[in-house]
Amino acid sequence: MEYLQITAETLFGFLALFILTKVLGKTQITQITAFDFIAALVLGELVGNALYDKEVGVLDIGFAVLLWGVLIYITEIVTEKYKSTRGLLEGRPSLIIYKGKIDREQLKKSKLDINQLQHLLRAKDVFSVQEVQYAVLETDGTVSVLKSSQYQNVTKGDMNLPPETVPLPRTLISDGEVIWDSLEEIGQNEAWLKRQIQSQNFNSPADVLYAEYKEGEPQLFLIGF
């Protein structure tokens, strides 16, 4: 019975946290601020500790998760409506490189050293501090970089070339399985897909690891197993 209780509480905790994450939105996952990090830790502790406490039941776990979720939700509403609270609860971006020069005071305030700064810059494909005109340390710990003009990529606008429509590639087959929604979105059917596959010496979708469709190209891009 003890194992059944742990299983039931684990499943309930998993579902409760999953639903809570869906309600609160994707920012809890992809844009973790200091407050979000604390919230995630507390939620994990609430469920984790409750699993092996015999005096704590499913209702207790549900109440704790719901209460914490309500507190996070209220905090999100407060930061949306009252801009003055955002600095306290979410933090503020820091300009750590200004006009090509590193601001040491901002680095100290942000608890960053040069090695950490270089690591963040490399994550943005910048391997030399000399290439950076401005760098902003965001509230989620990432860095946004504006390169100096001589290191920026040349665009079509710079070369006075006319703009072109950029097609969105669609995955039609993944791991041997047809993505029917994508096939429907491009206005094609199974018969068309089979012809495309057979034209590249594959017998069926099961033989294809990955298939990509791009508007304007005569054939699919295929990778076999």
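The values are calculated or read from the model by the stated rules, or taken from the named source; none is laboratory data. What you see is a predicted model; the values in this text were computed from it and never measured. Here the Cβ is made from the backbone with ideal geometry for all residues, glycine too, and neighbour counts use every protein chain on show. In case anyone asks, the SASA skips ligands and DNA or RNA and just uses the protein heavy atoms, side chains included. Shrake-Rupley method; radii C 1.70, N 1.55, O 1.52, S 1.80 Å.
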Seminar exercise, completed: In Å³ per residue, the alpha-carbon convex hull of region 59-164 encloses 202 Å³
For this session: Using only Cα atoms, locate the centre of region 78-138 and the centre of region 179-213, then give the distance between them in Å, rounded to an integer.
Result: 46 Å
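Which GluC sites (Glu not before Pro) does region 156-225 hold that lie in a coil by DSSP with at most 15 other beta carbons within 10 Å?
Here the sparse-neighbourhood loop sites are Glu164, Glu215.
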Seminar exercise, completed: For the pair Leu59 and Tyr82, the simple spin-label estimate (label points 7 Å beyond Cα toward Cβ) gives in nm 3.5 nm
Exercise. Rg(Cα) of region 182-225 divided by 2.2 N^0.38 Å?
Worked result: 1.06
For this session: Could you calculate the contour length gain from Ile74 to Thr165, that is, 0.36 nm times the residue separation minus the distance between their Cα atoms, to one decimal place in nm?
Result: 28.5 nm
Exercise. If the convex hull of the alpha-carbon atoms of region 141-182 is projected onto planes in all directions, what is the mean projected area in square nanometres?
Worked result: 6.6 nm²
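Solvent-accessible area per residue for region 138-225 at a 1.4 Å probe radius, Å²?
In whole numbers, region 138-225 has 71 Å² accessible per residue.
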